[in-house]
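The structure appears right after this line, and notes come after that.
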Amino acid sequence: MIYPIVKFGDPVLETKAAPVTEFDADLRKLLDDMFESMYAAHGVGLAAPQIGVSRRIAVIDVTFKEDPKQKLVLINPEIIHSEGRISQNEGCLSIPEFRENVTRPKKVTVRAQNAKGDFFEHTGEELLARAFCHETDHLNGKLYISHISALKRDLMKRKIRKLVKTGEW
Ligand SMILES: [Zn+2]
């Protein structure tokens with residue numbers, strides 16, 4: 001099932017999501033739906049709050065279907081190590097049509113649980129490291145625009161308010 005993506009302005013995006021405690025069939029269905037919704041929206045990462053589900057779950061595929069082995073499920077993720085800094089253009093499915101440069105760590109290790117509840121660690125660099133940070137932020141109610149300058153953020157919010165008024169958001 002493809003869920004619509006929740007857009008900036010919805011409070012669920014700025015709410016800290018609740019931990020997952022049940023690793024059951026419902027969770028597996030939700031994960032399938034999240035991958036499906038992410039691909040339908042042409043994204044490489046999706047956090048559960050972005051489909052209106054305030055739970056600590058994210059799915060990532062930085063290869064966008066090219067390499068199924070690189071599909072990643074992060075449940076209750078925590079960033080346990082990060083190093084380096086790199087500034088790259090970043091966007092978010094919940095803030096469509098906007099992109100900004102965001103400085104993030106270059107290399108990030110995340111500790112998370114898989115669909116069965118088993119803990120694992122995964123280290124990513126470049127885009128994957130960025131996805132780990134971006135998606136973990138989502139689960140803490142934080143959007144990438146909190147990492148850009150107040151001036152740029154206010155400008156973006158003004159543009160979004162206009163789009164809301166004209167019914168385009
Ligand atoms: Zn996002």
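The values are calculated or read from the model by the stated rules, or taken from the named source; none is laboratory data. Computed from a prediction, not measured in an experiment: that's the story for all the values here. Cβ: placed from backbone, ideal geometry, glycine included. Neighbour counts: every protein chain shown. Note: areas computed on protein heavy atoms with side chains; ligands, DNA, RNA excluded. Shrake-Rupley method; radii C 1.70, N 1.55, O 1.52, S 1.80 Å.
Tabulated data
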| quantity | calculated |
| --- | --- |
| Out of Lys142, Lys116, Lys106, sole residue that is within 12 Å of the ligand (Cβ to nearest atom) and among the charged types (D, E, K, R) | Lys142 |
| Selection within the stretch 135-151 - open to solvent by 20 Å² or more (accessible area, probe 1.4 Å) and within 21 Å of the chain's Cα centre (by Cα) | Asp137, Asn140, Lys142, Ser146, His147, Ser149 |
| Scope the stretch 23-35; condition of a type in the set (Phe, Trp, Tyr) and open to solvent by less than 30 Å² (accessible area, probe 1.4 Å); matching residues | Phe35 |
| Residue list for the stretch 43-62, restricted to those being more than 10 Å from the ligand (Cβ to nearest atom) and either without any contact (Cβ under 8 Å) to a residue 12 or more places away in the chain or in a strand (DSSP E or B) (or both) | Arg55, Ile57, Val59, Ile60 |
| Single unsatisfied condition, Arg130 versus (1) within 30 Å of Thr21 (Cα to Cα); (2) of a type in the set (D, E, K, R); (3) open to solvent by 50 Å² or more (accessible area, probe 1.4 Å); (4) within 16 Å of the ligand (Cβ to nearest atom) | (3) |
| Residue that is touching a strand residue (DSSP E or B) at 6+ places or on another chain (Cβ under 8 Å), more than 14 Å from the ligand (Cβ to nearest atom) and modelled with pLDDT of 95 or more, where the choices are Glu100, Glu78, Glu90 | Glu78 |
| Which listed residue is of a type in the set (Lys, Arg), within 15 Å of the chain's Cα centre (by Cα) and farther than 27 Å from Ile160 by Cα, from Lys71, Lys65 | Lys71 |
| Every residue from the stretch 63-89 that is part of a strand (DSSP E or B) and of a type in the set (Val, Ile, Thr) | Val73, Ile75, Ile79, Ile80, Ile86 |
| Members of the stretch 157-168 that are closer than 11 Å to Phe8 by Cα and either at pLDDT below 95 or open to solvent by less than 100 Å² (accessible area, probe 1.4 Å) (or both) | Lys157, Ile160, Val164 |
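Each row is one residue, and each column tells you yes or no for (1) farther than 26 Å from Thr103 by Cβ; (2) surrounded by fewer than 13 Cβ atoms within 10 Å (Cβ to Cβ).
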{"position": "Thr21", "(1), (2)": "yes, yes"}
{"position": "Ser37", "(1), (2)": "yes, no"}
{"position": "Gly43", "(1), (2)": "no, no"}
{"position": "Val53", "(1), (2)": "yes, no"}
{"position": "Ile79", "(1), (2)": "no, no"}
{"position": "Arg85", "(1), (2)": "no, yes"}
